[in-house]
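Heads up: the structure comes next, in structure tokens.
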Amino acid sequence: MRPTPSQTIGPFFAVALGREDSGRAVRVEGTVYDGEGAPVDDAYIELWDGRDLARCPTGDDGRYTVSIERPQGPYVAVSVFARGLLQRLATRIYLTEPGDPALTSLFAAEEDGVVHFDIYLQGEQETVFLAL
């Protein structure tokens, strides 16, 4: 008999530890759109700030809102899960201007603790997605 492999305890681990808010939180919000420009009401967004993973579904209007710690690096890693996708889509939200012109569209300025970042799955405004 082999031992059962260990498993993570879930995205609520920081809450279970009672970690205090460092005052470095930033709210990321936006809308997920399909190739025709319609909001996607059943997507799932994951954001990784380098320390913690935050997850949230989109609402009926395709909007998502999630609070994260301000990353130590220049960007937040983003994964998108949605109907019709065989694998997650990966992108980034740069909170400082990226040096690479190809990544400029991923820059989102922070205003009053809020970063607005819309995600376009296809079409003329398609978000830059990164190979996994």
Exercise for review: Quickly run through the range 12-36 and pick out the residues that are of a type outside the set (D, E, K, R), open to solvent by less than 40 Å² (accessible area, probe 1.4 Å) and modelled with pLDDT of 95 or more.
Suggested key: VAL28, GLY30, THR31, VAL32
Exercise for review: May I ask you to list the residues in the range 89-102 that are surrounded by fewer than 17 Cβ atoms within 10 Å (Cβ to Cβ) and outside any loop (DSSP other than H, G, I, E, B)?
Suggested key: ALA90, PRO101, ALA102
Review point. What residue, among those in the range 77-125 that are touching a residue at least 12 places away in the same chain (Cβ under 8 Å) and of a type in the set (Asp, Glu), is farthest from THR58 (Cα to Cα)?
Key: GLU110
Check your understanding: What is the residue count in the range 43-79 for residues that are touching a Lys or Arg at 6+ places or on another chain (Cβ under 6 Å) and either at positive phi or open to solvent by 60 Å² or more (accessible area, probe 1.4 Å) (or both)?
Key -> 3
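The values are calculated or read from the model by the stated rules, or taken from the named source; none is laboratory data. Owing to the predicted nature of the structure, the values given are computational and were not obtained by experimental measurement. Glycine also receives a Cβ, built like all others from the backbone with ideal geometry; neighbour counts cover every protein chain displayed. The accessibility values were calculated without ligands, DNA or RNA, using every heavy atom of the protein model including side chains. Shrake-Rupley method; radii C 1.70, N 1.55, O 1.52, S 1.80 Å.
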